[in-house]
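Here is the structure we will look at.
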Amino acid sequence: MVNLDPEALKKEAENEINQAANPFELGEIYRKYLGSKGVVRMILKEIGSLPNEERKKRGLLAKELQESIKKLIGNRENQLKVTAGDVAKKEEETLDFAIPKIGHLHPLTQTVRMLNQLFIEMGYSLVDGPEIETDEFCFRRLNVPLDHPARDMQDTIYIEEPDFLLRTQASSIEARILAAYQPPLKVVCAGRVYRNEKVNKSNHFIFHHYQGVVVLERISLKDLFGTFTYLFKKMYGPEVIVRYRNKYYPEVEPGVGPDMQCFNCQGKGCSLCKGVGWIEMAGAGIIHPNVLEMAGIDSQRWMGFAFGLGLDRWVMTKYKITDIRTLLGGSVGYRYYENENTL
Amino acid sequence: MSAIDITKMKILYSQIKQLVPQLKANSREIGAALTMTGFMMDSLKKVNFKGRPDYLISFEVRQNRPDCLSVIGLAKEVAAYYGLKFMLPAVAVRYPKTGQLNIGVEAKKYVQRAFAVEIKELKNRQSPAWLKEFLSFYNINSINLLVDLSNYAMIFTGYPSHLLDKEKVTGRFFWALNNEFNEITTLDGSRIPLKKKEELLIRDEKNGLGLAGIVGGKIASLDLGTDSIIAEMAVYDRVIIRRNSRDLNVTTEASHRLGKDLDPNGLDFASQFLVSLILENCGGRMTAKPFSYYPKKYLAPKIKLNPALPSLYAGIEIPVAKTVKVLKNLNFKVSQSKNGLVVIPPENRMDVAIKEDVIEEVIRLVGYDKIPANQVPQLRIVDEITPKIIHLKEKIRDILSILGLDEILSWPLTKKEINLLVNYRNWENIATQNSVNEEYPDLRQSMATGLLFQLDEYLKKNVSHIRLFEIGKVFGKDKGRYSENESLGILIQSLGKSITELKQIIETLLRFLGFNDLRYRIVDTKPQLANPYSCWEIIIKNKAIGILYKLQPDYGKGNIYFAEMNLSELARLLESFHPNPVIELDKKLISLDANVELYEKEPLDEFLGEVKKKIGEKNIWAITVEDAFPLENNRIRYTIRISYQGLTDNEAKEKHLNAFGLERNISHNFAV
């Protein structure tokens, strides 16, 4: 038996109706009191088991309660319509200044994406490789046998000397790709590399390389230079001046050092370019026949070029970051509202 | 031992002029020329030498070219570039033809050539100013005249030598592997412990006198009272010099040169140059015929060269005559054969062994600046081989940044204690053996390490709204093998106490990628940092691909939630299915509800999987759980709404009845 106290029920309903913030909440209240399983319906259901006199009295009270609630809901509904209208009107006149937070991509990611886009347009695929490497793929397959003088150039961090190490160069990915795929090939990859170097404002023991490899039936330094000039002009603008000089890398022959004329002094010599007027940007060259042969590729039939760029300095220059430790060291912050224009 | 820069060689402009008398180019032009041909000018300084203005040019020598770690070698490069004659200084030494020195070589496997001479009645003294001045250009301290002349000869010729006080040598002097001495004290007093493991020594019958090819010992060192010496000069198997230098952690000017392919034949001139310098500056006389050991004379290789190849490699026409001229300027011997050219490099060019070496020589001297660089190559189209995981990572970055998360990148190195807090996988910690960063020697096992570090950094700097992600590698040793996989870590700081916000990010991400078959289960191995009551495994297609948890309340940074997913695994799953969400919408959709009561333990996703099967994928537009209401006896009542497509009302109702009504004792409550 429902304890029918019409006044108490009416008050309770009235409170709830006045607190309803929208028509949906009002609908819930309607169902609670007047719906098929609502309070009023339950009272009416129970009336049947009451004596006649009582039945009539409770029936009237229930009816009265039903009407009162209907009326209260009707009034509140009208009020809400007005409120909604007012809000809509207000919204037409003012703006909500709570701009939602937008997410950002790391500057290194943005730069890699830009480079990837350039090379995808030229028909290159993107590839990747392991960071824990073997001596075989990091050195020997790149024409740097054990105890070769070229090992002086890279101070290795070992996991298990001499066989397992953290890759010192993204060229290890080149060695893996050459071993895994048959030419013709055109690939680029971005990778984190490790060297046992002291950390300071301009050097880090973890940094990032961007590597490219092409193997075709015929290829020349002219193709390599053309690719690089296109890349530099896309990255730094059409006025950029690039030169190519001979430079030794064990995995290539002939080797190439592409330099960009110092943007700070226009080639006159300054502290940024150490007085020489040029900034070293990359290492490249025609893939050494030993590298191809070690990958099982016939060096009499196939030729290739490979190149590697250090990404960190590019990123630092582009984003005006003065300390290389910022990139991975927890100090990259993003403005709340601004995002990079990636179009 | 002073620190040396092993890739640099300096040369005075006046020395180049002396060796290439016809040279007209100035120091800056020479620097630019050699830069283009493989020796980058590192610096150019105005200096005074012997009271005259001069220029000291520093070049980078990266190649396996010990010949260019000398004044002679670099001057030869200048002569070759300009096509001028190179003039080696005249040196005439008359060696005694009789007598025999008590000197020998026991480590025959490692000594390619050795020379020694005994000189007595000489006068040692302080070096003259010009010599001290010269050595200071190379950061070499003056010791005394004899030692300084030895260093001068090394810089001029590229061949290190070693002078010993004859009076301090006991009995026979010889080269041998160490099996006797536990340490050696060097000239500067440093004590180097020896391992008796293939260490090549110069020694006498009593003492170790020096590490051969690396550094001399104190025992037989020269002083101002020295009046008789043994002067030795040798060329070794470079491998043993490099190994000894590396294993004993001693790098010197000598080891740097002898650890490369130094021409044994060049020792003739270098040793004469040294002896003549000593005799000229210190007087003295040789006591006997010099000791000479050279069992197998080095002969330069004959290399066949197709004369078309330099043009093919460069991409421009290089006439054969030009190729021949360039090679002759470099002192290569060139002859014609039926099949092309036969090229013999000069003996000091031990780095030239195959045709590609010769091609590089030709092109670098012809000039890279002659090759056009402004034509975008029209290379042939090749197969696309980009693996799916690279596209996956890029897509994830886009989605998460749109959802308001910032990408960070962090060190993959951490420490074992941090790995222990965040690892949830059954793999072992991997430590580096020699990382320069001793504080963080271990490879991370979870992306949480970097994200938590970043959280701390941001909190220190009052950054709010912290919602981060990182994609990178995590590492562990699995069944004895080094293993790594691509991983995504997401970390958010939330005002809410529920994990729902992060769960929604993950679900949006995964559904966007095409994964619908997503569920969670309680994790068996929880990371120590996780709140054990709020830690779930993320399951896709019955495969665990990651973890989702709230950090322990005592982590003390507010409500922090973390999720990690194995992207390598996710990429494999992506490759296994090809969802197609596009349909032809030719009929109105029909939505029907059903109430289903299940025990709490009964997984809803499995039940819905069965329902899907019964209805058939092609007629399902959507399945949504509209309500979940807890009942007594650990049961839950779910209101499930199926939206049917491509069916009439009656067909939909029939499918609905079949799917829910026939096989389970459940209540139905249809609503259209």
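Checked against (1) in contact with a strand residue (DSSP E or B) (Cβ under 9 Å, 6 or more places away or on another chain); (2) under 18 Å from A:ILE159 (Cβ atoms); (3) away from chain A (no Cβ under 13 Å), B:ASN426 passes all but condition (2).
Checked against (1) surrounded by 17 or more Cβ atoms within 10 Å (Cβ to Cβ); (2) over 19 Å from A:LEU327 (Cα atoms); (3) within 30 Å of the chain's Cα centre (by Cα), B:GLY450 passes all but a single condition, namely (2).
Could you check the range A:206-223 and list, in sequence order, the residues that are at the interface with chain B (Cβ under 8 Å from one of its Cβ atoms) and farther than 30 Å from B:ASN437 by Cα? A:VAL214, A:LEU216, A:ARG218, A:ILE219, A:SER220, A:LEU221, A:LYS222, A:ASP223 - these are the residues of the range A:206-223 that are at the interface with chain B (Cβ under 8 Å from one of its Cβ atoms) and farther than 30 Å from B:ASN437 by Cα. All conditions but one from (1) at pLDDT 95 or above; (2) over 22 Å from B:TRP175 (Cα atoms); (3) surrounded by 15 or more Cβ atoms within 10 Å (Cβ to Cβ) apply to B:TYR95; the one that does not is (3).
Would you say B:ILE229 is touching a residue at least 12 places away in the same chain (Cβ under 8 Å), of a type outside the set (S, T, N, Q) and not in a loop (DSSP other than H, G, I, E, B)? It is true that B:ILE229 is touching a residue at least 12 places away in the same chain (Cβ under 8 Å), of a type outside the set (S, T, N, Q) and not in a loop (DSSP other than H, G, I, E, B). Of the residues A:TRP302, A:TRP278, the single one that is of a type in the set (Phe, Trp, Tyr) and in contact (Cβ under 8 Å) with a residue 60 or more places away in the chain is A:TRP302. The number of residues in the range B:369-414 being within 7 Å of another protein chain (Cβ to nearest Cβ), more than 30 Å from A:VAL256 (Cβ to Cβ) and over 29 Å from the mean Cα position of the chain (by Cα) comes to 7. Close contacts from the range A:100-122, counting a first residue that is more than 7 Å from chain B (Cβ to nearest Cβ) and a second that is outside any loop (DSSP other than H, G, I, E, B) and of a type in the set (Val, Ile, Thr), with Cβ to Cβ under 8 Å and a gap of 6+ residues or different chains, come to A:PRO107/A:VAL315; A:THR111/A:VAL315; A:LEU115/A:VAL188; A:ASN116/A:VAL188; A:PHE119/A:VAL188; A:MET122/A:THR227.
Conditions tested, residue by residue: (1) part of a loop (DSSP other than H, G, I, E, B); (2) more than 32 Å from the chain's Cα centre (by Cα); (3) of a type in the set (Gly, Ala, Ser).
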| site | (1), (2), (3) |
| --- | --- |
| B:TYR55 | no, yes, no |
| B:ASN64 | yes, no, no |
| B:ALA80 | no, yes, yes |
| B:ALA92 | yes, yes, yes |
| B:LYS97 | yes, yes, no |
| B:LEU101 | yes, yes, no |
| B:PHE115 | no, yes, no |
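Considering the conditions (1) facing chain B (nearest Cβ under 10 Å); (2) more than 30 Å from A:LEU224 (Cβ to Cβ); (3) not charged (D, E, K, R), A:THR322 is excluded by exactly one of them, (1). Set side by side, the residues B:LEU122, B:LEU163, B:LEU194 differ, and just one is at negative phi, touching a Gly at 6+ places or on another chain (Cβ under 7 Å) and assigned by TED's automatic domain parsing to the domain that holds B:TYR236, which is B:LEU122.
Look through the range B:232-266, keep the residues that are part of a loop (DSSP other than H, G, I, E, B) and away from chain A (no Cβ under 12 Å), and return whichever of them is nearest to B:ARG65 (Cα to Cα). So the residue we want is B:ASP263.
Inspect the range B:330-337 for any residue being in a loop (DSSP other than H, G, I, E, B), free of Cβ contacts under 8 Å to residues at least 60 places away in the same chain, surrounded by fewer than 18 Cβ atoms within 10 Å (Cβ to Cβ) and basic (Lys, Arg) and give the result as yes or no. Checking the range B:330-337: not a single residue is in a loop (DSSP other than H, G, I, E, B), free of Cβ contacts under 8 Å to residues at least 60 places away in the same chain, surrounded by fewer than 18 Cβ atoms within 10 Å (Cβ to Cβ) and basic (Lys, Arg).
Of the helices (runs of 4 or more DSSP H) entirely within the range B:366-467, those holding at least 1 residues that are polar (S, T, N, Q) and free of Cβ contacts under 8 Å to residues at least 12 places away in the same chain occupy B:388-402. Mind checking which residues of the range B:344-360 are in contact with a strand residue (DSSP E or B) (Cβ under 9 Å, 6 or more places away or on another chain), buried (at least 16 other Cβ atoms within 10 Å of the Cβ) and more than 9 Å from chain A (Cβ to nearest Cβ)? Scanning the range B:344-360 gives B:ILE344, B:PRO345, B:PRO346, B:VAL352, B:VAL358.
In the range A:125-165, the qualifying residues are those that are within 15 Å of B:GLN433 (Cα to Cα) and of a type in the set (A, V, I, L, M, F, W, C), and the one that is farthest from the other protein chains (Cβ to nearest Cβ) is A:LEU165.
When residues in the range A:323-340 are screened for being out of contact with any helix residue (DSSP H, G or I) (no Cβ under 7 Å at 6 or more places or on another chain), touching a residue at least 40 places away in the same chain (Cβ under 8 Å) and of a type outside the set (Phe, Trp, Tyr), 4 of them pass.
Number of residues in the range A:62-83 that are over 60 Å from the mean Cα position of the chain (by Cα) and crowded, with 18+ Cβ neighbours inside 10 Å equals 2.
The values are calculated or read from the model by the stated rules, or taken from the named source; none is laboratory data. Keep in mind that what you see is a predicted model, and the values were worked out from it rather than measured. For neighbour counting, all protein chains shown are included, and Cβ atoms are generated from backbone atoms with ideal geometry for every residue, glycine included.
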